[in-house]
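The values are calculated or read from the model by the stated rules, or taken from the named source; none is laboratory data. Keep in mind that this is a model prediction, so the values were computed, not measured. Neighbour counts are summed over all protein chains in view; Cβ atoms, including those assigned to glycine, are modelled from backbone coordinates with ideal geometry. Quick note on the areas: whole protein, heavy atoms, side chains included, nothing else; ligands and nucleic acids left out. Shrake-Rupley method; radii C 1.70, N 1.55, O 1.52, S 1.80 Å.
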Amino acid sequence: MPFSTWSLAKPAEFLVAEGVVDDISHEGLREVLKKEEVSFQAIKTWEQSTDPDYEAKENRDLELYDIAEGKAGPGPGDPTVVFSMDEFGPLNLLPRPGKQWAPVVRRSEKGSTSSPRRRRRPATYKRTQGVRHLLAALDMNADRLYGHVKANKKRTTFLEFCRYLRSLYPPEVRTAIVMDNFSPHLSTKKDTRVGDWPRPTTSSSPMCPPTLPS
């Protein structure tokens, strides 16, 4: 039967409907399942990438992490500083109800300036000032987290944050940024800024192209 969650009632009804038994109680069914060593378990799912280059990208990310953590030395052209970057949002700033000692509110006494009624705060459902997004990056070498709160997470905002990460180290220090394949992280035929920015212009360019695991 096409159920994602099974209770004792469903298999009991199914067994009766299929004529396996004339009748069975939930407790009787539980005893049968226990005797057959069947337990109630949650189904777990996972996602698997369809990117044919996923394994190569994953291995490259692991190499960069080992370099950043000092487990392996950088090879020719490898960076010495590695950032792991991602976004989170939209962030909604909502008021949260609290608890306090306050004057009792009675029907006969609606309250006054000296004896106010219970405080109320309006919710911000209209979002008159929009939402916010968090762009964050972990410096794997220094074990330090950097974050910027922005009004959006478009390519322009993403590149601004990448430039900030690049400015944290001297120009001669080669760096790399590991990220996912979120659309603002990618170039398109109409907008190639993301791919053009980290592309080395010389053999000694201090910026490694970002690795993009699917």
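For the cross-link pairs Lys154/Lys190; Lys44/Lys154; Lys71/Lys150; Lys153/Lys190; Lys99/Lys153, which exceed 24 Å when the distance is taken from alpha carbon to alpha carbon?
Distance filter (> 24 Å) returns Lys44/Lys154; Lys71/Lys150; Lys99/Lys153.
Measuring nothing but protein heavy atoms, the accessible surface of the stretch 6-56 at 1.4 Å probe radius is 53 percent carbon and sulfur. Taking 21 Å as the straight-line reach from the Cα of Lys34, the lysines in range (excluding those fewer than 8 positions away in the same chain) are Lys10. Solvent-accessible area of the stretch 63-103 (1.4 angstrom probe, protein heavy atoms only): carbon and sulfur portion equals 56 percent.
Taking the Cβ of Ser187 as the center, what net charge do the other residues with Cβ under 14 Å away carry, scoring Lys and Arg +1 and Asp and Glu -1?
Within the 14 Å Cβ shell, the charges total +4.
Across the accessible surface of the stretch 144-203, with the other protein chains kept in place and a 1.4 Å probe, carbon and sulfur atoms take up 54 percent. Note that the stretch 56-72 has calculated 3J(HN,Hα) couplings of 5, 5, 4, 5, 5, 4, 5, 4, 5, 5, 5, 5, 5, 8, x, 7, 8 Hz, one per residue in order, obtained from phi through the Karplus relation 6.51 cos²θ - 1.76 cosθ + 1.60 (θ = phi - 60°); glycine and proline are x. Each Lys or Arg adds one and each Asp or Glu takes one away; over the other residues whose Cβ falls under 15 Å from the Cβ of Gly77, this sums to 0.
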